[in-house]
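Heads up, the thing below is written out as structure tokens.
The values are calculated or read from the model by the stated rules, or taken from the named source; none is laboratory data. Just so we're clear, the structure is a prediction, and the values are computed from it rather than from any experiment. Every residue, glycine among them, receives a Cβ derived from its backbone with ideal geometry; neighbour counts consider all protein chains shown.
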């Protein structure tokens, strides 16, 4: 076997595929990369609208079945050609409720797939598992809005409770809203309240599904927020409720980049349901999740040790190391700068280490491209475990290390002190690079200390020879950022 064939076979063995037979779309997603932070290698979908026929007649319509089976035949052929061993094929609400659902599943089996029909509770819990994978410390209620149903389940401390499935899918909402706003609120609110789901004082409502993500994209667009990925977007509940009310009253909505006309047209229905969820569950805040059912299926296959890994750390390492970053060097930089950057908060330290890893990778980029590349990496790439504020801090650290300014239009997405701290991370890393050249034995030849309102740079004989005007300038910038006097001590 040649090296190329061996490499391709190894890549195939590490990939996982999920075929999701939903009420609105039939989708294939192939995942690669690290198990704890998988990347999407292939993402295909076909709008079969299986749930439309079920809602109208109780059966999967012939045309919808044919469309779905054609797509599934292609997906089966693709995963076979790719040599993927881990293939999860699941069917949800439309097939579950259709009188001819069993016949349809037998047709899927004939294609060489092994479909699993999820119960409403299984669907809810699997979606919740995806949210837990993305937000390990999450606490609150997960709401997954699909074409045929809405799943609700409570999560806390990495576990989920019994889930509920409600007939409130996006394909059903137009008919439910046809009777008027008050009637819809009573009907939908009663169904939601009947599940017993609720949010405690500081709990969040986690939103899963393409319709909710479309609403998030709309919110980002009209708010002028320069983020593309709604994953991790966190909004105060009352503010989002106001947005939902505006959407329900709007006669015409502006075009939004990345949103199809059908998604845009259904935003009023999505907003009406979300308003009911906020008013009934009473969360403190709402968080949009890019992870749900499909990622829950992948996360379920991980070992306990893999599940405990930090998703941002794993994702950044997998991204940055091929670009020249070294985790051991990043750890050395984090230790050398700890006197001015260290935090007792483990999550902050993990974020700082990730920022250093990205900054190291950025050093391999052409200098003229570093500013725009830092913003692309921080703001536009999918980072599981990082919401808007964390993205700003990643960008701030990278830009400060590269001697670039942070754009004014993103500063407000994080707290001022957080931004100041991340700027310090970048300046301290820049100073470390200047003095040591990232040569391991030089890290011990220089030391940062804070004493009596003074930032001191203590150097032994070897490091003293490395101090130039550029080093002194970087040191002075760091001291000024910290509001301290600066002093270089040659030992």
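Assorted remarks:
- All helices (runs of 4 or more DSSP H) inside the range 334-438 with 1 or more residues being at pLDDT 95 or above: 338-341, 346-362, 370-375, 388-401, 416-436
- Residue, nearest to residue 437 (Cα to Cα), within the range 456-470, restricted to residues that are surrounded by 14 or more Cβ atoms within 10 Å (Cβ to Cβ) and either in contact (Cβ under 8 Å) with a residue 60 or more places away in the chain or out of contact with any helix residue (DSSP H, G or I) (no Cβ under 9 Å at 6 or more places or on another chain) (or both): 458
- Considering (1) crowded, with 21+ Cβ neighbours inside 10 Å; (2) farther than 22 Å from residue 474 by Cα, the lone condition that residue 345 does not fulfil carries the number (1).
Residue by residue, here is whether (1) assigned by TED's automatic domain parsing to the domain that holds residue 140; (2) surrounded by fewer than 19 Cβ atoms within 10 Å (Cβ to Cβ); (3) closer than 15 Å to residue 121 by Cα; (4) touching a residue at least 40 places away in the same chain (Cβ under 8 Å) holds:
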residue	(1), (2), (3), (4)
170	yes, no, no, yes
175	yes, yes, no, yes
181	yes, yes, no, yes
185	yes, yes, no, yes
189	yes, yes, no, yes
197	yes, no, yes, yes
203	yes, no, no, yes
214	yes, no, no, yes
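- Residue 159, sole failed condition from (1) within 23 Å of residue 233 (Cα to Cα); (2) in contact (Cβ under 8 Å) with a residue 40 or more places away in the chain: (2)
- Residues satisfying the stated conditions in the range 388-405, i.e. over 21 Å from the mean Cα position of the chain (by Cα) and surrounded by fewer than 21 Cβ atoms within 10 Å (Cβ to Cβ): 402, 403, 404, 405
- Set 385, 426: member being within 25 Å of the chain's Cα centre (by Cα) and under 26 Å from residue 133 (Cα atoms): 385
- Long-range neighbours under 7 Å by Cβ, at least six apart or interchain, first residue in the same structural domain as residue 281 (by TED's automatic domain parsing) and at negative phi within the range 236-261, second surrounded by 12 or more Cβ atoms within 10 Å (Cβ to Cβ) and outside any helix (DSSP H, G or I): 236/285; 237/283; 237/284; 237/285; 237/286; 240/286
- So residue 241, is it surrounded by fewer than 21 Cβ atoms within 10 Å (Cβ to Cβ), in contact with a helix residue (DSSP H, G or I) (Cβ under 6 Å, 6 or more places away or on another chain) and outside any strand (DSSP E or B): yes
- Residues located in the range 439-455, provided they are surrounded by 15 or more Cβ atoms within 10 Å (Cβ to Cβ) and part of a loop (DSSP other than H, G, I, E, B): none
- Elements of type strands (runs of 3 or more DSSP E) contained in the range 144-237, each with 2 or more residues being out of contact with any strand residue (DSSP E or B) (no Cβ under 6 Å at 6 or more places or on another chain) and at pLDDT 95 or above: none
- Selection status of residue 467, touching a strand residue (DSSP E or B) at 6+ places or on another chain (Cβ under 9 Å) and under 22 Å from residue 359 (Cα atoms): no
Each row is one residue, and each column tells you yes or no for (1) out of contact with any strand residue (DSSP E or B) (no Cβ under 8 Å at 6 or more places or on another chain); (2) over 26 Å from residue 137 (Cα atoms).
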{"residue": "376", "(1), (2)": "yes, yes"}
{"residue": "380", "(1), (2)": "yes, no"}
{"residue": "384", "(1), (2)": "yes, no"}
{"residue": "395", "(1), (2)": "yes, no"}
{"residue": "408", "(1), (2)": "yes, yes"}
{"residue": "414", "(1), (2)": "yes, no"}
{"residue": "417", "(1), (2)": "yes, no"}
{"residue": "428", "(1), (2)": "no, yes"}
{"residue": "442", "(1), (2)": "yes, yes"}
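- Once the range 250-264 is narrowed to residues that are part of a helix (DSSP H, G or I) and out of contact with any helix residue (DSSP H, G or I) (no Cβ under 9 Å at 6 or more places or on another chain), the residue that is farthest from residue 142 (Cα to Cα) is 261.
- Test: residue in the range 117-126 that is touching a helix residue (DSSP H, G or I) at 6+ places or on another chain (Cβ under 6 Å), surrounded by 23 or more Cβ atoms within 10 Å (Cβ to Cβ), part of a helix (DSSP H, G or I) and not assigned by TED's automatic domain parsing to the domain that holds residue 17: yes
- Selection status of residue 330, closer than 18 Å to residue 385 by Cβ and in contact (Cβ under 8 Å) with a residue 24 or more places away in the chain: yes
- Check on residue 487, free of Cβ contacts under 8 Å to residues at least 12 places away in the same chain, farther than 30 Å from residue 40 by Cα and surrounded by 13 or more Cβ atoms within 10 Å (Cβ to Cβ): no
- Residues of the range 66-84 that are in a loop (DSSP other than H, G, I, E, B) and in contact with a strand residue (DSSP E or B) (Cβ under 9 Å, 6 or more places away or on another chain): 84 alone.
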